[in-house]
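The values are calculated or read from the model by the stated rules, or taken from the named source; none is laboratory data. Just so it is clear, the structure is predicted and the values come from calculations on it, not from any experiment. When we count neighbours, we look across all protein chains shown, and the Cβ atoms used for this are built from the backbone with ideal geometry, even at glycine.
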Amino acid sequence: MLEAGGQKASPTGEHVAAFRRDGVVCVRSAFSAEWIELLRAGLDRHLDAPTERARIWDRDAEGRTMFWDSMAWHDVPEYQRFVHESGAGELAGRILETERINFFFDAVFVRSAGSQFATPWHQDEPYWSVSGHQTCTIWMPLVPVAAENALAFVPGSHLSDWVFDHYDFGLLNPDAKADVDRSDFSAIADAPVPDIASDPEGYGVVSWAMEPGDCVIFNSRILHGGSGRLPEDRDLCVFTSKWLGDDVRIAFRDHGMDPDFSQIMRSHGLADGDRPGTELLPEVWAAT
Ligand SMILES: O=C(O)CCC(=O)C(=O)O
């Protein structure tokens, strides 16, 4: 268990090997109840005052919603504490087998009870203003989630260099919020995103039933999606943190969307080819 100020969890060799092979691994009881409570308090604060990036991704006829926001950690002290003190950075670093780890950003995915919205299948890293293989997300449900509602993955798909021309997340905007970035991957994509939902067994799709404190760590190139379609009595709030290892470099792109950090990164003096750094992308852990 990762306790504030206490012993930090070390993933086992099996976790590391599974991540290398599959690009995704579930780590049970990685974070103590205190950290989950802290993140829930942070999420309450965050939902009271979302960032300008925040938007509803889905709102159905019954008023059920899927809320998304990112990069709120600058304004949410509970998130800041999690980033620096929870051991999440060390966990990411050991799983990625990297010498040092920088924090990239946080994102939350909050579905109200019964939301039928399912996250479209996609990759993350081709969206981002960085490139590299040693990137990961720690996906943490703050409530229990069944395997069929949790984020799902195509194991091994992180090993492909292909970029998929996947769903334009900018279209997830039922409230017609202005200035939402759009994402056209067609010029750079190698292939359309496969129809994974039609044949999950054929693609070897995996997901896990999880309790608060468990996490899934996934490589940012892996194909993932499918989460949601909740029962009427179940909501789902998820806190994610994104981490950058040794081989990652700043890579401003003409395409991409959430988040398009290019302007903010440049204002911190970051340039193409740089290693992540500055207080925007702080180094949180280094192997000793
Ligand atoms: O939780 C979800 O539904 C989506 C999460 C996701 O796609 C991500 O963290 O990259």
Could we say that His268 is buried (at least 22 other Cβ atoms within 10 Å of the Cβ) and not hydrophobic (A, V, I, L, M, F, W, C) here? no
Those residues of segment 11-21 which are among the aliphatic types (A, V, I, L, M) and either in a loop (DSSP other than H, G, I, E, B) or in contact (Cβ under 8 Å) with a residue 12 or more places away in the chain (or both) amount to Val16
Taking only pairs six or more apart or across chains, which ones have beta-carbon atoms under 7 Å, a first residue in segment 194-213 that is among the hydroxyl-bearing types (Ser, Thr, Tyr), and a second residue that is in a helix (DSSP H, G or I)? Tyr203/Ile196
Consider Trp35 against the criteria (1) closer than 30 Å to Lys177 by Cα; (2) in contact (Cβ under 8 Å) with a residue 40 or more places away in the chain: it satisfies all of them except one. Which criterion is unmet? (1)
Can you confirm whether segment 116-131 contains a residue that is of a type in the set (S, T, N, Q), more than 15 Å from the chain's Cα centre (by Cα) and either within 11 Å of the ligand (Cβ to nearest atom) or surrounded by 23 or more Cβ atoms within 10 Å (Cβ to Cβ) (or both)? no
Among the residues of segment 217-275, write down those that are small (Gly, Ala, Ser) and more than 16 Å from the ligand (Cβ to nearest atom). Gly245, Ala251, Ser262, Ser267, Gly269, Ala271, Gly273
Condition check: more than 19 Å from Leu96 (Cβ to Cβ), surrounded by 20 or more Cβ atoms within 10 Å (Cβ to Cβ), out of contact with any Cys (no Cβ under 9 Å at 6 or more places or on another chain) and of a type in the set (A, V, I, L, M). Does Leu236 satisfy that? yes
Enumerate the pairs (first residue in segment 132-159 and within 21 Å of Ser198 (Cβ to Cβ) and among the hydroxyl-bearing types (Ser, Thr, Tyr); second residue anywhere and modelled with pLDDT of 95 or more and within 10 Å of the ligand (Cβ to nearest atom)) with beta-carbon separation below 6 Å, excluding pairs fewer than 6 apart on the same chain, so at least 6 apart or on different chains. Ser157/Ile222
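Within segment 259-288, count every residue that is touching a helix residue (DSSP H, G or I) at 6+ places or on another chain (Cβ under 6 Å) and under 21 Å from Asp181 (Cβ atoms).
Number satisfying all stated conditions: 0.
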Which condition from (1) of a type outside the set (Gly, Ala, Ser); (2) modelled with pLDDT of 95 or more; (3) over 25 Å from His133 (Cα atoms) is the one that Arg100 breaks? (3)
Go through segment 19-33 and count every residue that is farther than 17 Å from Leu151 by Cα and either more than 17 Å from the chain's Cα centre (by Cα) or of a type outside the set (A, V, I, L, M, F, W, C) (or both). 5
Residues that are in contact with a Leu (Cβ under 6 Å, 6 or more places away or on another chain): find the strands (runs of 3 or more DSSP E) completely inside segment 22-112 holding 2 or more of those. 100-111
